[in-house]
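Engineer: Please find one structure pasted underneath; my questions will follow.
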Amino acid sequence: MAELKLSESRDLTRIERVGAHSHIRGLGLDSSLEPRAVSEGMVGQTAARKAAGVILRMIKDGKIAGRAVLLAGQPGTGKTAIAMGMAKSLGLETPFAMIAASEIFSLEMSKTEALTQAFRKAIGVRIKEETEVIEGEVVEVHIDRPAVAGAASKTGKLTLKTTEMETVYDLGAKMIEALGKEKVTSGDVIAIDKATGKITKLGRSFSRSRDFDAMGPQVKFVQCPDGELQKRKEVVHCVTLHEIDVINSRYIYELFTSLNRVKRDIEKSRTQKPNSNQANVATIVVAIGFWMWPRKLPAAKEMIGGHYVLKSLPRTQGFLALFTGDTGEIRAEVREQIDTKVAEWREEGKAEIVPGVLFIDEVHMLDIECFSFLNRALENEMAPILVVATNRGITTIRGTNYKSPHGIPIDLLDRLLIISTQPYTEDEIHKILEIRCQEEEVEMTESAKHLLTKIGVETSLRYAIHLITAAALACQKRKGKAVDLEDINRVYNLFLDVKRSTQYLMEYQSQYMFSDTGEADEDETNAMVS
C-alpha cells in the first residue's frame, strides 16, 4: 500500500502596504492609563491619548454605551491616529467600523440606511453553541491510491486514540485533502468538527517529543486527550449584527414574498375555513428561525392552505454580499425579527451583545438629516460607542443656513465628550519622522532628518512624510546608501507644498482658464500664503 505523501505547500508571507497610519500599534498607554512619550507608534498628544484611554477602559468594562466622542483639532494633529490606536487596543473581539462622512452621499441607498448599516457593523454578537468534535492523537494515517490514475477517488483510514480508547475512521477524498492541507502526521493531536469536517491541529503529543533531536520553535506539545474520542464542546462565534442582516436579507425577502403570495391566494379562494396556520401566516417567519451559517439555513417547507410556501431558498446571494459589498437596502422587518431572535438568545444565555466602536471621519460633511438620525440612534439600548472627528471650526451646518462649532448642531454637541488635539512641536515632528523612516524602511542621515523636520514645521507634517519615500528613490537613483541633504533638496524642489503652490497660482493667475478672483477671494488666498 502506498504511504501518505503530503504535497508540499509554500508558506506565503503576508504582504502589507505601508499606509498613513500603519505604524500605529495602540494608544501608547501604561497600565495606569498614563501616556508614554513615544510608544506603539504614538508621539505627543498626551492629554488626548489619556482621555481616549479612559474611554477605552470604559468600553472594555462595559460601563459605557450609546455615548459619543468628538476628536477635534487642526489638520495633521493625529485625530485619525488616535482612532486607529483605539481600534488596535480594542483587539479583534470588539467590532470597530470606520467610514468617512462623505461616503454616505455616494452609496446607492438612503442616508439613514447607510448609517444604520454602519451602526450595526459596530455591534457584535458573541454566540455560544455546542458542537460535536472528534479529538484525539493520530496513531496512523493510511491512504489507498487507485492503481490507474483517475479510475477512482482516493480512500483511506485514520486511526485516532485517547488515553482510554482507540478507533479507526474511514476517510473520503475531502478528508484526505484536508489532512494534507493541515500536514497531519502520526503523533499530532487533532480535532475534527463533525458538522463541517474542519480539521484543527492542536499540537504534537508529549509522547512524541523525543522523535527528533531538534524541533522548530513553532512546535507546540500537548497532552494526549482523555475520555471518549467524540465529545461535545462549546464553541463561541463572534459576528456583527450587519453580517447577520446580510446573510438573512435575501432569505427573508424570498420568504416574505412567498408568504404574501400564498396569503393572497387564500384570500381569493375563501372556500375553506381559515385554520390556525392560515390565521398566523406572519408567525411562520419566527417559527422557521434565523440562522447565522448557510449550512444551517434549512429549506423551509410549510403547509399553508394546501400550498407549500417554499421548497428551496437562494441563500447564496445574501452570503456572498458580505464579500462583494453589494448589500443594498435591508428591509426593516428583517432587522426587527433578527433583533427579536438575538434578544431571545440573550435571555437564554446563548448570546451576548458586544458594543463596539463606530468611527466617522469628516463628520462635518454630514447634513442635518444625518445628525438627527445620530441623535435618535444613540438612544438605542444596543447602540455602539460613536467616535467622530473633524478639523473644522465654526462653520455652516450642511443642509441649513445656520453656523455652529465644528458644523455640528448644538443638541448633538451636547451629547459629545470632546477631546481636542494640539499642533505637534518640532521635537515631536522629528520623532514622528524617525518612526515613519523605520516603517518605510528608509535609511536617512541625521542632517537630512533635521532638514525634513524643519520643512515639516514650516509647511506641514503630512508634506514632510510624503517626501520620505520620494527622497529614498532619489537616493537610490544616485546609488547612495542613505538619504542625505541633496536628496531632500531635490524632492523639495520637485514637489510643491500648499504655500508655494498658492504663490505660483497667484503669480500666473491670469494665464489659467476661468480665472475670476474677487477681492474676498484674494484676501483668503493671501491668508493661505502667509
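Engineer: Run through region 39-137 and list the trypsin sites (Lys or Arg not before Pro) located in a DSSP loop whose Cβ has at most 12 other Cβ atoms within 10 Å. Could the numbers behind the result be given before it?
Structural biologist: On the way: sites: ARG49, LYS50, ARG57, LYS60, LYS63, ARG67, LYS79, LYS88, LYS111, ARG120, LYS121, ARG126, LYS128; in loops: LYS63, ARG67.
In loop regions of region 39-137 (DSSP not H, G, I, E or B), the sparsely surrounded trypsin sites (Lys or Arg not before Pro) are LYS63.
Engineer: Relative to a virtual label point 7 Å from the Cα of VAL38 in the Cα→beta-carbon direction, which members of region 435-472 show backbone nitrogen distances below 11 Å?
Structural biologist: 435-438
Engineer: Accessible surface of SER207 in the full protein assembly, 1.4 angstrom probe, to the nearest 10 Å²?
Structural biologist: Accessible area of SER207: about 80 Å².
Engineer: Calculate, for region 316-449, the solvent-accessible area per residue in square angstrom, rolling a 1.4 angstrom probe over the heavy atoms of the protein chains.
Structural biologist: Values: 7110 Å² over 134 residues.
Normalised by residue count, the accessible surface of region 316-449 is 53 Å².
Engineer: Another question, if that's okay. Along the positive direction of the dipole of region 53-123 (beta-carbon charges: Lys, Arg +1; Asp, Glu -1; about the Cα centre), which of LEU71, MET58, ILE104 reaches farthest?
Structural biologist: Projecting each Cα onto the dipole axis, the largest value belongs to MET58.
Engineer: Follow-up. Which loop-located GluC sites (Glu not before Pro) does region 331-384 contain, where loop means any DSSP state but H, G, I, E or B and the Cβ has at most 13 other Cβ atoms within 10 Å? Display every interim value, and only then the final one.
Structural biologist: On the way: sites: GLU333, GLU336, GLU344, GLU347, GLU348, GLU352, GLU362, GLU369, GLU379, GLU381; in loops: GLU362, GLU379, GLU381.
Those satisfying the criteria are GLU379, GLU381.
Engineer: Suppose R0 equals 30 Å; then what is the FRET efficiency for SER510 and GLU458 from their Cβ-Cβ distance, rounded to the nearest 0.05? Before the final figure, lay out each step's value.
Structural biologist: Numbers: r = 28 Å, r/R0 = 0.94.
FRET efficiency, SER510 to GLU458: 0.60.
Engineer: Considering only DSSP states other than H, G, I, E and B, which GluC sites (Glu not before Pro) in region 50-149 qualify as loop sites with at most 13 other Cβ atoms within 10 Å?
Structural biologist: On the way: sites: GLU93, GLU103, GLU108, GLU113, GLU129, GLU130, GLU132, GLU135, GLU137, GLU140; in loops: GLU93, GLU108.
Passing both the DSSP loop test and the Cβ count: GLU93, GLU108.
Engineer: Something else about it: Taking the radius of gyration and the Kirkwood hydrodynamic radius from Cα positions alone, what is the Rg/Rh ratio for region 346-439, to two decimal places?
Structural biologist: That ratio is 1.13, to two decimals.
Engineer: Shifting gears a bit: Using a 1.4 Å probe on the protein heavy atoms only, what accessible surface does HIS142 show? Give it in Å² to the nearest 10.
Structural biologist: Result for HIS142: roughly 60 Å² accessible.
Engineer: What is the sum of charges around LEU171, taking Lys and Arg as +1, Asp and Glu as -1, for the other residues whose C-beta is under 11 Å from the C-beta of LEU171? The partial results should precede the final answer.
Structural biologist: Values: positive: LYS154, LYS157, LYS174; negative: ASP144, ASP170, GLU177.
Local charge sum for LEU171: 0.
Engineer: Something else now. Of the accessible area of region 357-411, with the probe set at 1.4 angstrom, what percent is carbon plus sulfur?
Structural biologist: Values: 1230 of 2550 Å².
Exposed carbon and sulfur together represent 48 percent of the surface.
Engineer: Between HIS237 and ILE435, what FRET efficiency follows from the Cβ-Cβ distance if R0 is 51 Å, with the result rounded to 0.05?
Structural biologist: Numbers: r = 37 Å, r/R0 = 0.73.
The formula returns an efficiency of 0.85 here.
Engineer: How high is the relative contact order of region 430-487? Use alpha-carbon pairs under 8 Å, at least six apart in sequence, and give a whole percent. Provide the component values of the computation, followed by the final result.
Structural biologist: On the way: 51 pairs, mean separation 23.7, N = 58.
RCO, region 430-487: 41 percent.
Engineer: Given a cut-off of 16 Å, what percent of all Cα-Cα pairs of region 92-196 lie beyond it?
Structural biologist: 71
Engineer: I want to check the label-to-label distance for LYS201 and ARG500. Put each point 7 Å from Cα in the C-beta direction and report it in nm to one decimal.
Structural biologist: Result: 5.5 nm between the two label points.
Engineer: In region 57-191, with Lys and Arg counted as +1 and Asp and Glu as -1 at Cβ, which of these residues, ILE127, ILE82, ALA178, has the Cα nearest the positive end of the dipole, that is, farthest along it?
Structural biologist: ILE82
The values are calculated or read from the model by the stated rules, or taken from the named source; none is laboratory data. Everything numeric in this text was worked out from a predicted model, so none of it was measured. Using ideal geometry, Cβ is built from the backbone for each residue, glycine included, and neighbour counts are taken over all protein chains shown. Heads up: the accessible areas ignore ligands, DNA and RNA and are worked out on the full protein's heavy atoms, side chains in. Shrake-Rupley method; radii C 1.70, N 1.55, O 1.52, S 1.80 Å.
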